[in-house]
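The values are calculated or read from the model by the stated rules, or taken from the named source; none is laboratory data. All of these numbers come straight from a predicted model, not from anything done at the bench. Neighbour counts are summed over all protein chains in view; Cβ atoms, including those assigned to glycine, are modelled from backbone coordinates with ideal geometry. Heavy atoms of the whole protein, side chains included, go into the accessibility calculation; ligands, DNA and RNA do not. Shrake-Rupley method; radii C 1.70, N 1.55, O 1.52, S 1.80 Å.
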Amino acid sequence: MTTTALWTMEDERYDTADATALRRDYYGEVASRYWGRPATAAEIDEGLAGDGVELLTPPTGRFLVGRLAGEPAACGGVLMLDAERAELTRVFIRPAFRGTGGSGLLLAALESAARGLGASRMVLNTRLDLVEARALYTRHGYREIPAYCEGPYMEIWYGKELG
């Protein structure tokens with residue numbers, strides 16, 4: 001567990017009520033931005049179905065929920081890709097909690113979780129239109145890398161040595 005001021009970051013199953021609500025909010029936001037309109041509940045359900053989140057449990061990964069003053073505010077996961085690389089995924093802070101210092105704490109907790117699984121390098125992919133996420137990653141030492149995977153919503157890839 002990571003705690004700073006009123007923020008806490010803790011391991012949590014991906015299917016608890018709070019984790020599920022955060023995952024729905026995450027998908028709703030990224031899908032809405034991609035489509036340029038609000039995602040429907042049915043579209044969110046479809047996007048979450050079969051998304052592989054069950055791999056975000058040891059030994060293949062971890063899922064964390066961040067709370068500010070006890071309120072579920074953030075989430076993120078790490079997925080081991082091989083013996084040395086973990087992928088950062090589903091990083092999300094609810095809009096009402098942005099600007100409160102939680103994003104850096106969440107990234108630090110996720111990096112610690114990846115090291116705990118044996119990773120020495122973190123990688124991630126994202127879209128070019130998610131400029132806030134890209135700024136967050138570069139602010140915390142992530143650098144653009146060659147593509148390590150491909151998919152319809154992957155436009156830029158980042159990596160960081162965990163040391």
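Values for this structure:
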read-out: Qualifying GluC sites (Glu not before Pro) in segment 64-163, DSSP loop, other Cβ atoms within 10 Å at most 12; value: 84, 150
read-out: Sequence-distant residues sharing a close amide H with residue 121 (under 5 Å, placed H); value: 86, 162
read-out: Computed [θ] at 222 nm, deg cm²/dmol, the chain (DSSP H ≥ 4; -39,500 (n - 2.57); rounded to nearest 500); value: -10000 deg cm²/dmol
read-out: Karplus-derived HN-Hα couplings along segment 29-41 (A = 6.51, B = -1.76, C = 1.60, θ = phi - 60°), whole Hz, x at Gly and Pro; value: 5, 5, 5, 4, 5, 5, 7, x, 7, x, 6, 7, 4
read-out: Carbon + sulfur, % of accessible area of segment 60-163 - ligands and nucleic acids excluded, 1.4 Å; value: 53
read-out: Separation between Cα centres of segment 96-163 and segment 48-79, rounded to whole Å; value: 14
read-out: Computed over segment 1-67, Cα set: Rg, Dmax in Å; value: 13.6, 37
read-out: Phi to ³J(HN,Hα) by Karplus 6.51 cos²θ - 1.76 cosθ + 1.60 over segment 9-19, Hz, x for Gly, Pro; value: 10, 9, 4, 8, 4, 5, 10, 5, 4, 5, 5
read-out: At 0.890 mPa s and 25 °C, Stokes diffusion of segment 54-144 via Kirkwood alpha-carbon radius, µm² per second; value: 184
read-out: Sites excluded, trypsin sites (Lys or Arg not before Pro) in DSSP loops with at most 14 other C-beta within 10 Å, longest stretch of the chain; value: 14-97
read-out: Segment 36-104 - Rg over Rh from alpha carbon coordinates, Kirkwood radius; value: 1.03
read-out: Isotropically averaged projected area of segment 91-163, using the convex hull of Cα atoms (one quarter of hull area), nm²; value: 5.2
read-out: Answer label for mean projected area of the Cα convex hull in nm² (calculated), chosen among (1) 9.0; (2) 9.8; (3) 11.8; value: (1)
read-out: Full-extension gain in nm, residue 11 to residue 128, via 0.36 nm per residue minus C-alpha separation; value: 39.2 nm
read-out: Residue-wise HN-Hα coupling along segment 142-158, computed from phi with Karplus coefficients 6.51, -1.76, 1.60 (Hz; x: Gly, Pro); value: 7, 10, 4, 10, x, 4, 10, 7, 9, x, x, 10, 10, 10, 8, 10, 10
